[in-house]
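Each reported figure results from applying straightforward, stated rules to the coordinates on display, with no laboratory input. Keep in mind it's a predicted model, so treat the numbers as computed, not measured. A quick note on method: Cβ atoms are made from the backbone with ideal geometry, for glycine too, and the neighbour counts reach across all protein chains shown.
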Amino acid sequence: MPEKKFILYVQTSDAPERQYSPLVLAQTATAMGLNAKVYYLGMGLKILLPGAAEAIKMGSFPTVKEMMDKAMKMGVEFYVCEASKQMLGWDKVALIPGVKIVGAGTLNDLALDAGAAMWF
């Protein structure tokens, strides 16, 4: 049986106001019985530094860290671009637990296999 289609959310920004949409949508997709994956690329990796997501809270929403934790508990997979880590000079920088560091080709594979892809 082929793997169930998933929705791919690609986060390219470290802007606080852009952090919530992919997490809300991934949680919603999962609640709807869909698979969701979030791929962090470029400057989006800055949110994955320990302490960064805890520092972002907007409006009545929980912190970005709380949103990430909830999404991970729901089964949303989080991917990190290894090439982006290298671009930022983060060869030895630790990121938050629960993310999978993958090669750049993985994004191409995920985009080809996804039922839909959204970029933030």
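Counting 0.36 nm for each residue step from residue 69 to residue 86 and taking away their Cα separation leaves a gain of 3.6 nm. A protection proxy built from the mean count of other Cβ atoms within 10 Å ranks the segments 94-105, 19-30, 47-58, 70-81, most packed first, as 19-30, 70-81, 47-58, 94-105. Against the empirical 2.2 N^0.38 Å (N residues), the stretch 6-119 has a Cα radius of gyration ratio of 0.99. In whole angstrom, note down how far apart the Cα centers of the stretch 65-90 and the stretch 18-64 are. The distance from the Cα centre of the stretch 65-90 to that of the stretch 18-64 comes to 9 Å. For residue 39, the residues 5 or more places off, or on other chains, whose built amide H falls under 5 Å of its own are 9, 10, 11, 79.
The count of lysine pairs in the stretch 1-67 that are at least 8 places apart or cross chains, and whose C-alpha atoms lie under 24 Å apart, stands at 8.
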